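Rule-based calculations on the coordinates, nothing more; no lab input. From a predicted model like this one, the values you see are computed outputs, not experimental measurements. All Cβ positions, even for glycine, are placed from backbone atoms using ideal geometry, and neighbour counts span all protein chains on display.
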């Protein structure tokens with residue numbers, strides 16, 4: 001390109017286009033792209049701040065209980081140097097590496113207060129909604145990416161008042177475990193196939209499993225199952241060499257080693273006179289006659305998680321009112337809207353298995369497999385006694401929302417074309 005020649009830039013772009021090369025970006029286009037990125041970042045921050053204060057208000061509709069106070073005290077103790085929580089006996093789900101450090105961070109700025117439970121709950125759910133939206137986007141950009149983000153975040157953005165609000169915005173529970181897992185899946189979805197990805201995945205999985213073994217069912221085992229199945233298909237059917245599947249094999253190894261490393265870490269903490277863990281009673285299998293009841297609990301629990309519960313709308317409902325003072329008709333209308341979100345999640349869940357062996361999408365089949373394993377383990381265990389116990393499968397909410405965002409928008413975009421083709425076929 002000759003400097004000073006007015007048409008040089010246009011001529012160079014035309015030559016690049018004929019040669020199949022990407023056109024050079026002009027200064028104006030680069031400025032607009034940077035401005036768009038900054039606007040997207042500013043908009044995301046604004047949305048996060050608004051959501052946080054809304055969720056904080058909703059969380060405060062329920063008083064902090066002894067469970068939340070327990071974790072708040074543990075965070076306070078950790079903040080003051082008791083990193084191993086010496087003298088504490090924790091439940092089978094410790095939250096030692098997830099919510100308890102979050103409580104310590106909140107208490108660093110606000111001190112030890114009952115409201116810390118609500119602040120941490122609101123912050124966790126805000127980040128979870130944004131993470132689900134980003135993961136649903138995949139590698140899409142522009143309008144398509146925004147639609148995918150909106151579908152996933154929209155399903156989760158407005159918890160149903162009442163029990164659902166208590167489930168997702170109260171004291172630490174398995175929902176908080178889903179946040180670092182979504183971040184791991186986000187890296188798997190966007191990072192290149194490099195050696196350091198399985199290393200990071202294994203480290204994060206170990207970190208999360210130390211706090212909550214449910215992560216084994218929702219992340220570690222599903223990732224190992226999907227990757228192992230792809231390795232077997234490549235070797236047995238496509239006759240590829242084993243070395244060509246090093247990435248999938250590394251992820252299988254990372255998943256398996258995460259459990260072993262987490263067990264070793266917990267035992268080391270105990271040897272160093274740190275916290276002690278109570279035995280896991282819920283690991284026992286239930287009898288066969290308990291299965292129908294467990295399936296019913298799981299279905300009702302999932303409906304409640306998605307805010308589509310029409311059963312507990314009245315003030316005399318067994319689990320309390322779901323409306324927070326709103327008229328029953330308003331609650332029913334909101335539940336109907338949430339029911340649409342649940343339907344989209346179910347649609348996305350079943351479509352995800354069509355991509356089980358798709359090399360371009362590892363995350364979707366892992367999420368769908370995680371839902372299957374988590375729910376199957378729940379209904380076959382003795383813990384599935386009542387609807388409140390369905391919190392053990394609460395990862396179904398963010399995972400399903402992500403699958404809806406990743407799978408449904410492209411299908412909905414095809415509906416007008418298919419409807420037009422159908423009308424043309426029948427002669428209308």
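Enumerate the residues in segment 126-145 having an amide nitrogen under 20 Å from the point lying 7 Å beyond the Cα of residue 187 toward its Cβ.
The answer is 127-139, whose backbone nitrogens lie closer than 20 Å to the label point.
Grab every C-alpha pair in segment 39-405, bin the distances at 10 angstrom width from 0 up to the longest one, and report whole percents.
Using 10 Å bins, I get a P(r) of 5, 23, 33, 27, 10, 2, 0 for segment 39-405.
Evaluate the Debye formula for segment 184-265 with equal point scatterers sitting on the alpha carbons, no solvent, and hand back log10 of I(q)/I(0) at q = 0.22, 0.24, 0.27 Å⁻¹, in q order, two decimals.
Results for segment 184-265 at q = 0.22, 0.24, 0.27 Å⁻¹ read -0.99, -1.11, -1.28.
Distances longer than 22 Å among the Cα atoms of segment 102-237: what percent of all pairs is that? Don't skip to the answer; put the middle values down first.
Details: 4609 of 9180 pairs.
For segment 102-237, the fraction of Cα-Cα distances above 22 Å is 50 percent.
Which whole-number value in Å³ per residue fits the convex hull of the alpha carbons of segment 327-416?
Numbers: hull volume 9.8 nm³, N = 90.
Considering the Cα atoms of segment 327-416, their hull volume per residue is 109 Å³.
Convex hull over the alpha-carbon atoms of segment 52-156: what's its volume per residue in Å³? Don't skip to the end; give the middle numbers.
Values: hull volume 13.9 nm³, N = 105.
For segment 52-156, the hull spanned by Cα atoms encloses 133 Å³ per residue.
On full extension of the chain, what length is gained from residue 89 through residue 113, given 0.36 nm per residue of separation minus the C-alpha to C-alpha distance?
Length gained, residue 89 through residue 113: 6.4 nm.
Among 66-77, 363-374, what's the highest-first ranking by average C-beta atoms within 10 angstrom per residue? Intermediate results must be reported in sequence, preceding the final value.
Working: 66-77: 19.1, 363-374: 24.0.
With the highest mean Cβ count within 10 Å placed first, the list reads 363-374, 66-77.
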